[in-house]
1. Which FRET efficiency value, to the nearest 0.05, is calculated for Glu190 and Glu98 with the Förster distance at 22 angstrom and r the Cβ-Cβ distance?
2. Any idea of Leu14's accessible area? Nearest 10 Å², probe 1.4 Å.
3. Quick one: pull the percent of accessible area on the chain belonging to carbon and sulfur, 1.4 Å probe, ligands and nucleic acids left out.
4. Can you give the local net charge around Leu149? Use residues other than it whose beta-carbon is closer than 15 angstrom to its beta-carbon, Lys and Arg +1, Asp and Glu -1.
5. Classify the chain: rounded, prolate or oblate, from the alpha-carbon gyration tensor (a ≥ b ≥ c, eigenvalue square roots; a/c under 1.5 rounded; otherwise prolate if a/b is larger than b/c)?
6. Give me the net charge for the shell around Lys2: Cβ to Cβ below 11 angstrom, other residues only, Lys and Arg +1, Asp and Glu -1.
7. Could you work out how far the C-alpha centroid of segment 150-227 sits from that of segment 83-108, in angstrom?
8. Which whole-number value in Å² is the accessible area per residue of segment 49-169, probe 1.4 Å?
Amino acid sequence: MKIILPCAGMGTRLGLPYPKEIHLIAEQTALIDLTFMRLQNHASLISEVIIIITSGKAQIVDYLQKWKDTFYLKFLYFDDRNYEWAGSILSAEREFDEQNVVFLPDSFLVGRPDLPVLPTMKQHLGASPVCFGYLPCEDRSILRSLGALRVEGDAVTDFCDKPDDHDTRAFNAFWTTFGFSGDMGRPVLEMMTRSIQRNPVDIGSLAGGATAFPVQEYKDLGVWPNIVEFTHRIEETKTPFPDH
């Protein structure tokens, strides 16, 4: 299993003078560490971690030296022929393996105790070419800023990246992580790119379809209100991060 972390975004929502992924939210803990801490609990499942960067984000390379003895790290540059966050992941196409899992490095994700994220993703990708970890949600104001899904049972039947007010489809969740088999990487990422560009997509057209499993918690830490709230939570609870 390969892990892909798209870190090529400019982080304009935060306006930091350094890459948002290395913004500290606790002592010796940056945003990107939250993902590595999640991966650390299942390191035996991971062959390597691929980090996609741009020329202005070399500080991430230096920062992540702290994880070099735990994971095999590979840094790749964003391919300018691609588009947006889906294109960032597609920049790693030559590295895609049998199973590939994408995590957003400016977020906090917790799996359910009975459905730990990486083992559950591995199980799903053994039977399905595409799999999403999702959080149930029908609030349109929230879905407008996230990757919306229609989940029926354990199948994904519809997808839209940040649906606008004119989209009347009955989305009931948003994705928090997703994985794909190597030969499905380009088809699913091209589909996501078309959706980002506000073109219609048909997730049912993906060969083999897509499955899904619920997660316990997800927090987008790419905006200041959520960072402030999450930092206060850490300070007040002093609770270790869950290991699933």
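The values are calculated or read from the model by the stated rules, or taken from the named source; none is laboratory data. Please read these numbers as outputs of a predicted model, since none were measured by experiment. Positions of Cβ are backbone-derived with ideal geometry, glycine not excepted, and every protein chain shown enters the neighbour counts. Note: accessible area is taken over every heavy atom of the protein model, side chains too, but ligands, DNA and RNA are not part of it. Shrake-Rupley method; radii C 1.70, N 1.55, O 1.52, S 1.80 Å.
1. Here the calculated transfer efficiency is 0.65.
2. Estimated to the nearest 10 Å², Leu14 gives 10 Å².
3. Percent of accessible area from carbon and sulfur atoms in the chain: 49.
4. That sum, taken over residues with Cβ under 15 Å, equals -3.
5. Judged from the Cα gyration tensor, the chain comes out rounded (a/c under 1.5).
6. -3
7. First find each Cα centre; the distance between them is then 14 Å.
8. 48
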